[in-house]
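Below: the structure, in structure tokens.
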Amino acid sequence: MKILFGKYKGRNIIVGNNEKMRPTTGIAKSKIFNILDIDESTIAIDMFAGTGALGFETLSQGAGKVYFIDNNIFTIKALNETMKSLNIPSKQYEIIYKDFRSGLKQIKEKVNLVLLDPPFIASKYWDEALKTLLELDILSDDGIIVLEKPFKLQIESIEEWSIIDNRRVGDKDLIFLKKK
């Protein structure tokens, strides 16, 4: 898997030994990153990081910092290996080896981008993640959540947010949310 955009374009992402991973497709990444405006002021969270593809694309486009949250040891090892191979400065990222609820509590600053792409087999995580983000009030007032979900999945807590964009990519929806 390769980074598609920015200063690390064409560089490899090391994929961990986790057969349950479902990396975001290149088409979906193109749609996401053609909409987002990322610069050094961007502080992002790649929740359920997996391969870290979304977080690495964000760093590659110049984000100031990305928090990678995942609770799979193989994922964490692969994320660390990719950071080393890309020579990304440690001040630009933090890898949090925890469940997303505990991991979010570890972040002590407002973020302006959340990349939310839980495993598709765990449908309850979308609602839980959106509720936790609201409870912790971690998203800045102008912040955006990019949610990738199966198009048939209904998410109850999405009503707590304003939908600013919604794109269908194959059997997935990409939904861009802001605070109401």
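Note on the chain: GNM, Cα springs under 10 Å; of Leu130, Leu59, Leu116, the largest mean-square fluctuation is that of Leu130.
What number comes out for the charge environment of Ser102, summing +1 per Lys or Arg and -1 per Asp or Glu over other residues with Cβ under 13 Å away?
0
From its DSSP helices (H runs of at least four residues, each -39,500 (n - 2.57)), the chain gives a residue-normalised ellipticity at 222 nm of -8500 deg cm²/dmol.
Take the cross-link list Lys7/Lys31; Lys110/Lys131; Lys31/Lys91; Lys31/Lys124; Lys31/Lys178; Lys108/Lys152 and give me the ones stretching past 23 Å between alpha-carbons.
Values: Lys7/Lys31 18 Å; Lys110/Lys131 16 Å; Lys31/Lys91 28 Å; Lys31/Lys124 25 Å; Lys31/Lys178 18 Å; Lys108/Lys152 34 Å.
As for pairs spanning more than 23 Å Cα to Cα, those are Lys31/Lys91; Lys31/Lys124; Lys108/Lys152.
Judged by the ratio a/c of the largest to the smallest principal axis of the C-alpha gyration tensor, the chain counts as rounded, that ratio being less than 1.5.
Fully extending the segment from Ser90 to Phe151 would add 18.3 nm, taking 0.36 nm per residue of separation and subtracting the current Cα-Cα distance.
Sparsely packed loop sites in region 81-180 (the GluC sites (Glu not before Pro) outside DSSP H, G, I, E and B with at most 10 other Cβ atoms within 10 Å) comprise Glu109. Comparing Asn112, Asn72, Asn34 in a Gaussian network model of the chain (Cα springs below 10 Å), the most mobile by mean-square fluctuation is Asn34. Looking at region 18-106, the trypsin sites (Lys or Arg not before Pro) that sit in a DSSP loop and have at most 15 other Cβ atoms within 10 Å of their own Cβ are Lys20, Lys98.
Using the Cα gyration tensor of region 83-180, with a ≥ b ≥ c the square roots of its eigenvalues, what is the shape: rounded (a/c below 1.5), prolate (a/b larger than b/c) or oblate (neither)? Before the final figure, lay out each step's value.
On the way: a/c = 1.65, a/b = 1.39, b/c = 1.19.
Prolate is the answer for region 83-180, as a/c is 1.5 or above and a/b outweighs b/c.
Using amide H atoms built in the peptide plane, which far-off residues or other-chain residues are under 5 Å from Glu94 H to H? Here the answer is Val66, Tyr67, Phe68, since their amide H atoms fall under 5 Å of that of Glu94.
Projected label points at Lys124 and Ser30, each 7 Å from Cα along the beta carbon direction, are separated by 3.8 nanometres. Taking Ile35, Ile95, Ile13 as the candidate residues, the one with maximal mean-square fluctuation in a Gaussian network model of the chain, Cα springs under 10 Å, is Ile35.
Axis of helix 73-86 versus longest Cα principal axis of the chain: the two differ by about 60°, to the nearest ten degrees.
Every read-out reported here was derived from the displayed coordinates using simple, explicitly stated rules and does not represent laboratory data. Keep in mind the model is a prediction, meaning the values are calculated, not measured. In this analysis, Cβ positions are derived from the backbone assuming ideal geometry, glycine residues included, and neighbour counts consider all displayed protein chains.
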